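Have a look at the structure below, then the notes.
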Amino acid sequence: EPRLIGIALDPDFTNNQYIYLYYTVPGSPAHNRVSRFTGNGDVVQPGSESVILELDPLSNATNHNGGAMSFGKDGMLYIAVGENANPSHAQNLDTYHGKLLRINKDGSVPAGNPFTTGSEQRKRVWSYGLRNPYTFSVHPKTGRILVNDVGQVLWEEINDATAAGKNFGWPTTEGNFNASTYPNFTNPIYAYPHAGGD
C-alpha cells in the first residue's frame, strides 16, 4: 500500500480545496509520486486524484526519500527529493534524486528554471547536490528558501536555495569547505555537527 511522505496545501486552498501529497507507490519498481487531491471537509473526495509528477524508480534502499513540499512566493511547487542512498544521483541532473525541484501546479516545467534543455528531470531541477533534504521552508515575506540536508559523517546543513541552479556539493563535500577548492559548489549558510548524539 502507498506510504505518505509529504503534504502541501494549494495557496488558494480556501477556494479550490487542493492538497498535494508526496507518497511512495509500491510495485516493481517502487517509486515516489506527487499527486493533487481535492478536499471535502476533513477528507479527500473519492476519485479526485490527479497525478502531477512520477519520480524516478527507487533502489532497494528504504531511506533518503526527502518528501518535503511547499509553494514558493512565485506560486510554484517546490519538492525536495533525497538521493535514495545513491550518492552519485545528487550530481546527476538526469534524475530527480538528490534535488530540489520546481514545477507548475500541474507538474509541467515553469519558466525560470535553470536548465531549459535536456531530460524532463533536468528541466524540473531548481538546485542539486543534496543528500536527503528532508525539510525546507519558504519565508512568507521574502520568499527565501532554506533547505535542511542530512549529513553522513559529521555535518548537518542548512542551504539557501533561493537562487536557481545552486549545487550544494554532495557527495564530494559535506558541511563547509574551502570555496576556492570547489568553486562550482555553494557552501551551506550554516552547518552543525551531529556526532555524539547532539
Without any contact (Cβ under 8 Å) to a residue 40 or more places away in the chain and not aliphatic (A, V, I, L, M): is that true of N132 in this structure? no
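State yes or no: is L93 open to solvent by less than 10 Å² (accessible area, probe 1.4 Å), of a type in the set (A, V, I, L, M, F, W, C) and in a loop (DSSP other than H, G, I, E, B)?
no
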List the strands (runs of 3 or more DSSP E) inside the range 113-177, counting only whole elements, that have at least 1 residues being under 19 Å from Q91 (Cβ atoms), open to solvent by 50 Å² or more (accessible area, probe 1.4 Å) and in contact with a strand residue (DSSP E or B) (Cβ under 7 Å, 6 or more places away or on another chain). 155-160
Suppose the filter is under 16 Å from the mean Cα position of the chain (by Cα), open to solvent by 60 Å² or more (accessible area, probe 1.4 Å) and touching a residue at least 40 places away in the same chain (Cβ under 8 Å); does N63 pass it? yes
What pairs come up if the first residue lies in the range 149-165 and is on the phi > 0 side of the Ramachandran plot, the second is surrounded by 15 or more Cβ atoms within 10 Å (Cβ to Cβ), and their beta carbons are under 7 Å apart, counting only those six or more places apart or on different chains? G165/P114; G165/S127
Scan the range 112-121 and give yes if some residue there is at pLDDT 95 or above, more than 18 Å from P57 (Cα to Cα) and among the acidic types (D, E), otherwise no. no
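The values are calculated or read from the model by the stated rules, or taken from the named source; none is laboratory data. All values reported here derive from a predicted model rather than from experimental measurement. All Cβ positions, even for glycine, are placed from backbone atoms using ideal geometry, and neighbour counts span all protein chains on display. Ligands, DNA and RNA are excluded from the accessible area calculation, which covers all protein heavy atoms including side chains. Shrake-Rupley method; radii C 1.70, N 1.55, O 1.52, S 1.80 Å.
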